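Just so it is clear, none of the values below were taken in a lab; they were calculated from the coordinates. What you are looking at is a predicted structure, and each value in this text was computed from that prediction instead of being measured. Don't worry about glycine lacking a Cβ; one is built from the backbone with ideal geometry, like all the others, and counts go over all protein chains shown.
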Ligand SMILES: Cc1cc2nc3c(=O)[nH]c(=O)nc-3n(C[C@H](O)[C@H](O)[C@H](O)COP(=O)(O)OP(=O)(O)OC[C@H]3O[C@@H](n4cnc5c(N)ncnc54)[C@H](O)[C@@H]3O)c2cc1C
Ligand SMILES: CC(=O)[C@@H](O)[C@H](O)COP(=O)(O)O
């Protein structure tokens, strides 16, 4: 068997993965029944996690991560293939029509509406405009439009160019592309795939990936079905300049203007199996809605119509990752968002196939959610149930918990308490409140961790960002000390403003004397690295205003000293980028900070496992702050418990003092006085 990776399917997903695997040095073959039938050609190419109204949770996170990858990903593909790809972050305007107000617009904007333009409730950039404002912004909208949402970070890619570029990039890199090679069956034996059968015989490889889009069920009994979409395009009349410079995404209709004057109009969503062709009723429905939203289209020449099949699963979420066969990876079900999700799918699957790294996000899209057998056995071990049985063990006074009491008492002895700005805490673990799938899970996890300080993103709570609606009220603040943070602030000014809001929020929730703020000034959306200058500037001001400032910083010893000098209550150097789970990559600098700091040092961000939390504490950190590793674990409450124990273990180890590292062995039992030496 060769070390070849064999991908079945050459659509957006199969080709993106082929390119990624090849770029990382793998040997790759792609079997493609028919490149032209792939949905990637039929799509509109919208990069639209916000306009699609995807609710907060793993899917939105996947989409946002992918959207963020788009500029660099398309640049790289264009460079390899030598073919331009038009990626246009033009923003998407979602007009609202009377009686069809989409979910995200149902409540009015919380922040004061400045004239006729309001800022959205979502933590992501989104702006509400009333009827007059939206018309000013986009002249020519139909009379039925009563307002609209503007999503400046959504956009579009020319999916036809993308498809060509993916194919040529794969070819250029040396992927073995076998067009016209339809796989008829997948041969399986002893829990493994042993080959794929085509009309020419059996092909074997070391690993296999099934990426056949809407046709997935033909080869494997997994619930993926085709959702047909009909589309058409018109063209801006010759000599006229396109009046549309952004995508319009209305109820049941979208209008996607390309820079070359073509305007794509889509799309129907039909459960008609693989029935081919465009229908008069499909076309009429699209044209009626499109003209209603943007009447000028009625006189534009029609250029083309077509259709395609989206791969849809029952929950409309993709299937990504491992299967019941150890060497078979699954990649399908991207439904309406396969163009958007191509880069992140390729990255996460390549990480898993080549490096055995399973991003926690990938687990959310496992095929196992459709497996009745597995689902049933899972109910016994679902996070909540498992946690319940575990927590009852932990609270009952068993022999082991009694035996454990002495060291715990040491860790919580008065001289060993964590003290920040005059306030004492027994637990040295701080946790975050974001990224949980639901509030119950969050509450259970925070309780299981034993932490006493919980940080809350003020801005996201204020704007009711997805997953943050009612978050602040969801926790019992008589048991936890709130650490409001300024996440989402890019400048010192914003952070100062949000810190003040945070203080008000803590007051409203009953913590009258809470002046704590976790200061985050992060202009860089990619690595979420803090701005040292903005942080120092904001810290100085906030200290003057009476805040206890806990600044999140890169592990920079000089900056830590400057922040201490301006009066910060702690310093919070990062272990590695937020949410990366890369552990403590900055150990050498953190050691220097710990050595010289007179204020508590809290290692914040990047901790992925309990052993890394313990490592930070063994190094002498005063506390750690952990969010993603708990919230995104398969079983958050149990991971929270593990983190709490690790922090305590690490602290005890630090207090106990480790043995020095020696170059030579040193025997555990005496070398003299043994029987042999006594006899002789
Ligand atoms: C009308 C329409 C509009 C859309 N608009 C958007 C949009 O604006 N934004 C967005 O993000 N997404 C959009 N999508 C969705 C997106 O196009 C799909 O999610 C994505 O293309 C799916 O990619 P895939 O690789 O899984 O499948 P496909 O791209 O369909 O590719 C599957 C490939 O597998 C091959 N294959 C099948 N069976 C076999 C076999 N037995 N052996 C070998 N090869 C086989 C097929 O020939 C095909 O080439 C749209 C889809 C449609 C139909
Ligand atoms: C919630 C919070 O404050 C995070 O920004 C923090 O830095 C934790 O990082 P991880 O999510 O990597 O644990």
Counting all C-alpha pairs of region 539-654, share separated by more than 21 Å (%):
35
Just to compare against my own numbers: the Cα pair-distance distribution for region 447-510, 10 Å bins, whole % per bin, please.
22, 53, 23, 2
The alpha-carbon center of region 479-532 and that of region 311-342 are separated, in whole Å, by 37
Gain on full stretching of the segment that runs from residue 587 to residue 443 - 0.36 nm per residue minus C-alpha separation
48.7 nm
Just grab the label-to-label distance for residue 270 and residue 305, each label 7 Å out from Cα along the Cβ direction, in nm (one decimal).
0.9
Any idea what Rg and Dmax come out to for region 315-368 if you just take the C-alpha atoms, in Å?
10.5, 29
Using a Förster distance of 56 Å, the FRET efficiency for residue 668-residue 143 (Cβ separation, nearest 0.05):
0.05
Rg/Rh for region 422-656 to two decimals, with Rh computed the Kirkwood way over all alpha-carbon pairs.
0.93
At q = 0.10, 0.13 Å⁻¹, what log₁₀ I(q)/I(0) does a Debye calculation on the Cα points of region 267-378 give, no solvent, two decimals?
-0.47, -0.69
Ellipsoid semi-axes in whole angstrom, largest first, where each is sqrt(5λ) of the Cα gyration tensor of the chain
48, 35, 22
Can you tell me how much longer the chain between residue 36 and residue 474 gets when fully stretched, taken as 0.36 nm per residue apart minus their C-alpha distance, in nm with one decimal?
152.6 nm
Can you compute the helix-only [θ] at 222 nm over the chain? Use -39500 (n - 2.57) per DSSP H run of at least 4 residues, normalise by all residues, nearest 500 deg cm²/dmol.
-10500 deg cm²/dmol
Spacing of the two label points (7 Å from each Cα toward its C-beta) at residue 361 and residue 500, in nm
3.6
Semi-axes a, b, c in Å (a largest) for region 492-561, each sqrt of 5 times a Cα gyration tensor eigenvalue, come to 22, 13, 10
Helix axis angle, 587-596 relative to the chain longest principal axis, alpha carbon, degrees
40
Once you have the Cα-Cα distance between residue 316 and residue 424, take 0.36 nm times their residue separation minus that, and quote the gain in nm to one decimal.
34.1 nm
